[in-house]
Each structure stands twice: as C-alpha cells, then as structure tokens.
Amino acid sequence: MITISKKILKKLLKEYFNIKKKLSSTYYISIGENCLTDNVLDRHNVKSFSTPYSHGRSNLDYAIKLERDNYKNLLKSEYLYYDFVGETKVVRNKYYSESENIYNEIHQNGFEFTHHDVIENELARTSYERKILRMQSLNKGNKLKFVYHYRNNDNINLKLIISKAAEFLSFYQQKGIKCEFVFFTQNIISNKKERSLMKIYDSRHIRGYVLNTLENWAGDDHDLFWARKDDDLLKQMIKEIK
C-alpha cells in the first residue's frame with residue numbers, strides 16, 4: 001500500500017486547485033474592505049489573483065471612484081503620504097479619501113496601502129502597478145465575481161451598500177462583461193445556537209450575506225482576526241457563490 005504524507009497531499013491539492021483555477025472561465029476577485037476577503041478566497045481555493053484591494057484598507061466608495069478614474073490617481077506621488085495605524089507606518093492616498101459615513105472608521109481615512117510602501121519601495125510600487133493592470137485588463141473573456149467584506153460597524157447601511165454595489169458593477173457591465181457582486185458582513189450574537197449564514201439579498205447580479213457570529217473579526221487572536229473560527233459559515237457561503 002502506498003502512503004502519502006500530509007505535506008505531499010497538501011502540495012498535490014494546491015497544484016490541483018491552481019490548475020482548476022487556470023482552466024476556469026470565472027474570476028473570483030477581492031475588492032476589500034481589508035485583507036480578510038483575499039485570505040478567505042485563497043484558503044478556500046477560489047482566489048484568482050491579487051488586486052489593489054487585496055492587502056490594504058478601503059471601502060466601496062473608494063472602489064467606485066477608482067473604477068471611474070480607471071485607477072489613474074492611485075499611485076500619483078502628489079496624493080501619497082505616510083500615516084500611522086497605532087505604531088504601524090502605512091501609506092495613504094488622499095485623493096481617494098471621501099466616503100459616506102457607513103463604514104468602520106478605520107476604513108474612512110483614505111485608501112491605505114497597509115503592507116506596501118509604494119512611495120519608497122520600488123518593488124512594492126511595481127507590485128501595485130501589476131495589480132492595477134490586471135483590473136484594467138479585465139474583459140468579456142471571463143465572468144467576474146467581485147467579493148467584498150463589508151466590515152461590521154455602528155453605521156452599517158445595507159441598502160446603500162446594495163446601491164453602491166450596482167454602481168460598481170455598472171463600470172464592467174458597460175463593457176459587456178458578465179459580473180456579479182457578493183458582499184458579506186457580520187451580526188454579533190450571544191447564543192452559540194444562533195450561529196448561522198443568512199442570505200439577505202439575492203438578485204441577478206448582487207448577493208449579500210450576514211454571518212451571525214459570536215465574536216467580531218478583530219484583535220490579536222489570528223484565528224479570530226482571519227475569521228477561521230467561523231470558517232464553517234464562510235465555507236458554506238463560498239459553496240453558494242461558486
């Protein structure tokens with residue numbers, strides 16, 4: 001009997017999913033609001049590629065303006081500056097900084113390059129140039145599924161998010177590209193028995209989900225921060241949107 005180690009099996013599965021994604025005509029793309037969406041898509045083996053939103057902080061208003069401008073001002077030096085999140089130094093873009101007050105406050109300080117110093121690090125800047133080019137190159141050859149984590153906050157407004165999702169998609173629909181918008185957010189509950197995935201909006205092009213969870217996806221616990229404690233609910237959502 002031939003036995004395969006867990007390490008080799010994991011590698012074979014990763015290669016299988018990579019080949020499957022390359023052959024697929026559907027792209028699953030993160031558009032924010034933070035790194036969580038990209039991480040969820042990646043660990044559930046549907047992520048197609050990294051985008052300008054994959055490793056930063058943003059919101060849907062910024063994304064709409066970026067689409068309207070075709071990303072032309074995202075890396076312009078006159079709009080970039082250094083700021084701090086706690087003790088962490090980050091780069092922000094002040095051109096993409098206006099939004100309605102319906103987002104978590106940490107996502108309303110201007111488009112944030114959380115992990116890329118696009119001011120002084122040439123490799124980081126080149127990486128973002130590639131990400132922008134990928135977004136600009138999307139065409140009718142693929143069906144696009146944009147996935148967005150609407151982070152839990154006190155001013156949450158799902159009606160406006162749905163309206164903005166339709167506006168975001170319109171930039172691609174005008175090009176004749178088949179596309180969908182999937183957003184998900186949290187509702188914090190106290191009873192473990194109430195943990196669940198709820199579909200709260202379902203139209204031809206837009207789907208929305210609320211995950212009833214015990215804890216907010218934040219803090220120093222990585223299993224909580226990356227929502228791995230609620231991976232069963234996320235897995236169910238991914239299965240529905242595929």
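The values are calculated or read from the model by the stated rules, or taken from the named source; none is laboratory data. The structure presented is a predicted model; accordingly, all values stated were derived computationally and were not measured. Don't worry about glycine lacking a Cβ; one is built from the backbone with ideal geometry, like all the others, and counts go over all protein chains shown.
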Quick one: how many residues across segment 29-50 are over 22 Å from W217 (Cα atoms) and crowded, with 21+ Cβ neighbours inside 10 Å?
0
Please list, ordered by first then second residue, the pairs with beta carbon atoms under 7 Å, 6 or more apart or interchain, first in segment 65-77 and free of Cβ contacts under 8 Å to residues at least 12 places away in the same chain, second outside any loop (DSSP other than H, G, I, E, B) and surrounded by 12 or more Cβ atoms within 10 Å (Cβ to Cβ).
none
Return the residues of segment 196-242 that are without any contact (Cβ under 8 Å) to a residue 12 or more places away in the chain and either closer than 13 Å to V182 by Cβ or outside any helix (DSSP H, G or I) (or both); say none if nothing qualifies.
D202, S203, R204, A218, G219, D220, D221, K239
Y103 vs. criteria under 18 Å from I29 (Cβ atoms), at pLDDT 95 or above, within 18 Å of the chain's Cα centre (by Cα) and buried (at least 18 other Cβ atoms within 10 Å of the Cβ)
no
Which one of these is surrounded by 20 or more Cβ atoms within 10 Å (Cβ to Cβ), touching an Asp or Glu at 6+ places or on another chain (Cβ under 9 Å) and part of a loop (DSSP other than H, G, I, E, B): Y53, Y62, Y95?
Y53
For segment 142-177, how many residues are assigned to a loop (DSSP other than H, G, I, E, B), closer than 28 Å to L234 by Cα and over 15 Å from the mean Cα position of the chain (by Cα)?
7
Has segment 188-195 got at least one residue that is within 22 Å of D42 (Cβ to Cβ) and either surrounded by 14 or more Cβ atoms within 10 Å (Cβ to Cβ) or among the basic types (K, R) (or both)?
no
